[in-house]
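Worksheet for the structure shown next.
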Amino acid sequence: MPTLRLGDFLTAPTCGTLANTPYEHLEEAELTAFLRSWESWHHQALARLPQRIHPTARIHPTAIIGDDVIVGPHVRVWEFSTVRAGSVLCAGVSVGFNCEVTRSFLGERAILGHRIGISRTLVGADAHLSANLTVAAISMWSPHMSRPEREIVLRTPSGLYRCGTPQFGAVIGDRVQTGNSISLGPGLAVGRDCRIASGVTLAGRTLPDHSIVSAPHTGDVHVRQRARAQRQMPPLLSVPSAPAAADGPPAPARPPDPG
């Protein structure tokens, strides 16, 4: 089976207290091995941190932060967003309005726009994900999506890659940028410096560095002018005109109607 090394996609945290936790070894990890040990890594990191929410982080009062979430320095979490179960927000991350982040890792200075939902996903440093993007982590072909069983598999140039878990969204590399209204996963590995245009749906594969992905149907736009609507007027009634007076005696007057 091919291997997917996280260091080919992501940069491990270098600032803040996460540098002294298992997350500092992120680049060395292989994807399947990391997914298998992710929960253990997170518990070890929590045990080593003096505080799980850095005092310089700014979290809006309407935002919800889970009990085991790690929030690094200078992180911003905006209105009505939720960061759930086992997530990590590295230094300088911004989570925009009305987002939902579940058991995900956001690398340093990563930006989530508004109304973004990601689950069991790793996002690289300086990535920028725009509005209305969703990363799914469960295959719809599982018999019961509330109890997923179908293993997530990716297509790679070297063959099929088995993730060893029925719950995995994506690895989104450093400096990836996306448009809006995008659906990704389950099972996706996006290389560094990729661009994903609006309207794309993508899952179950790997993308090499510097790829540009677009949805042709969103670009095939035809613009033409509408014909001006001609206002239809009802036809005028034809009223015969009185004949011109001829030489001779005038016509007799019309007798009154009997009443």
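Below, the figures for the structure above:
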{"quantity": "Additional length obtainable on full extension of the chain from Glu24 to Arg195, 0.36 nm per residue less Cα span", "calculated": "58.9 nm"}
{"quantity": "Chain lengthening between Gln177 and Ala227 when straightened (0.36 nm per residue, less Cα-Cα)", "calculated": "14.0 nm"}
{"quantity": "Furthest towards positive pole of dipole, Ile116, Gly86, Ala12, structure part the range 1-155, Cβ charges", "calculated": "Ile116"}
{"quantity": "Förster-model FRET efficiency, 30 Å R0, Ala33 and His60, C-beta, rounded to 0.05", "calculated": "0.25"}
{"quantity": "Low-density loop positions, GluC sites (Glu not before Pro), the range 93-153 - DSSP coil, at most 11 other Cβ in 10 Å", "calculated": "none"}
{"quantity": "Extension gain from Ser40 to Asp68, taking 0.36 nm per residue of separation minus the Cα-Cα distance", "calculated": "8.8 nm"}
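Each reported figure results from applying straightforward, stated rules to the coordinates on display, with no laboratory input. Bear in mind that the values here come from a model prediction, so they are computed numbers and not experimental data. Cβ: placed from backbone, ideal geometry, glycine included. Neighbour counts: every protein chain shown.
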